[in-house]
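The values are calculated or read from the model by the stated rules, or taken from the named source; none is laboratory data. Owing to the predicted nature of the structure, the values given are computational and were not obtained by experimental measurement. Here the Cβ positions follow ideal geometry from the backbone for every residue, glycine too, while neighbour counts run over all protein chains shown.
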Amino acid sequence: MILNLKYNILIIDDHPLIIEGYKLLLDYCEFDFEKSVITVNNSKEAFDILDNNPLFNLVLIDYSIQIYKEKNIYSGIDLAKIVLNKIPYAKIVFITSSIETFILFEIKSKINPQGIIIKSDLSSDELISAFQLIINGNQFFSKNVLTQLNKIYYDNKNIFFDYKNREIIKLLSMGLSNKSISYKLGISISSIEKRKRKIKEYLNLNNSTDHDMLVKIKELKLL
């Protein structure tokens, strides 16, 4: 009996032209088995596919995918968690336009994917080579991803990457109040204020507002 083995790929991106570009580049890669590609344009379609057909070897995910509140999907990270739960053997690759250190750190720490690629980092030929490395079982991070992550791992004094500090900043940027953040993170309001003061001191923004702090963090591409 001959098994009809396939290398199944799922591409999740809300830009149809980008999806077609990835499909074209994947045609230049070498696979041990016949390649099968499924594409989806939004989080709902992605959730439905993963819920009903969790048999993918490679999943390409855009971080800034459309929100699907009904299933608590607010970014590509939430979709990647579903992939990890349903298909633990699958290779996950994030391809994103974001170069914000916070986002890249969140992807690396929460998912540890097979690849993180910033779209502007690679030419078409380089992206083909990156895909091939990942298909062959290697991990690949593009140039600016490595640069941003190295800022974190080699600066132990960088208080931004304490987990609760990151969550506080992220929730503040979403417009949540201290009371709401306290409830969500399970820490006191006084603890939140203390952490914010330390962040402001680090940024040389003593006696400034939360808005000033968020503006500065965005200028530094940390959010």
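In the stretch 40-72, the qualifying residues are those that are touching a Lys or Arg at 6+ places or on another chain (Cβ under 8 Å) and closer than 16 Å to ILE92 by Cβ, and the one that is surrounded by the fewest Cβ atoms within 10 Å (Cβ to Cβ) is PRO54. Which ones in the stretch 164-193 are basic (Lys, Arg) and either surrounded by fewer than 12 Cβ atoms within 10 Å (Cβ to Cβ) or farther than 24 Å from SER109 by Cβ (or both)? Across the stretch 164-193, the qualifying residue is only LYS179. Quick one: which helices (runs of 4 or more DSSP H) sit completely within the stretch 109-213 and have at least 1 residues that are of a type outside the set (S, T, N, Q) and farther than 21 Å from SER98 by Cβ? In the stretch 109-213, 124-135, 163-173, 178-185, 189-202 are the helices (runs of 4 or more DSSP H) which contain 1 or more residues that are of a type outside the set (S, T, N, Q) and farther than 21 Å from SER98 by Cβ.
Exactly one residue among GLU20, GLU30 is free of Cβ contacts under 8 Å to residues at least 12 places away in the same chain, in the same structural domain as GLU126 (by TED's automatic domain parsing) and under 23 Å from PHE141 (Cα atoms), and that residue is GLU20.
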